[in-house]
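The values are calculated or read from the model by the stated rules, or taken from the named source; none is laboratory data. From a predicted model like this one, the values you see are computed outputs, not experimental measurements. Heads up, the Cβs are rebuilt from the backbone with ideal geometry, glycines too, and the neighbour counts pull from every protein chain shown. Accessible surface areas use protein heavy atoms only, side chains included; no ligands, DNA or RNA. Shrake-Rupley method; radii C 1.70, N 1.55, O 1.52, S 1.80 Å.
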Amino acid sequence: SNEDNISEGHLVPAIGADYLYRIAPKWEVGIMVDYELAKYVIPRKEDLIRERAFIATAVVVYNILPQLSVFGGGGVELEKHENLGLIRLGVEYSFALKNRWVIPVGFFGDFKPGYENYSFSVGIGRSF
């Protein structure tokens, strides 16, 4: 079978994009979207099949330091078997490059009905 058992800690690759808008010196609002590139099963009373889910989350970001931020928000995981609401909480550290480019490294958790998942992210970003 092509399905992994997520309870064994398998990795699910995903690709994502974030758009954030600064509303105050330490505050930003935005959206995070992710697309999972795998099919897997969440074991529970009635197994939950997840296949190439699309996740959209509205977030609020607080910049503790210029490079360090925490974020949280709510969203939805859209998937052909069952759509789920979620709460996302995370932290991100941005390594500054030249010309307002950054490499953000983050860790976040998505909390959904009946299970949660944790993600490690690395990206490329630019301030406008």
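Things to note:
- Filter pass, Leu65 being of a type in the set (A, V, I, L, M, F, W, C), at pLDDT 90 or above, under 21 Å from Gly123 (Cβ atoms) and in a strand (DSSP E or B): no
- Only one entry in Ala53, Ala38 is touching a residue at least 12 places away in the same chain (Cβ under 8 Å), surrounded by 17 or more Cβ atoms within 10 Å (Cβ to Cβ) and over 14 Å from the mean Cα position of the chain (by Cα), namely Ala38.
- Residue count, region 10-35 (criterion: in contact (Cβ under 8 Å) with a residue 12 or more places away in the chain, open to solvent by less than 90 Å² (accessible area, probe 1.4 Å) and in a strand (DSSP E or B)): 13
- Residues in region 114-128 that are part of a loop (DSSP other than H, G, I, E, B) and surrounded by 10 or more Cβ atoms within 10 Å (Cβ to Cβ): Gly114, Gly123, Ser127.
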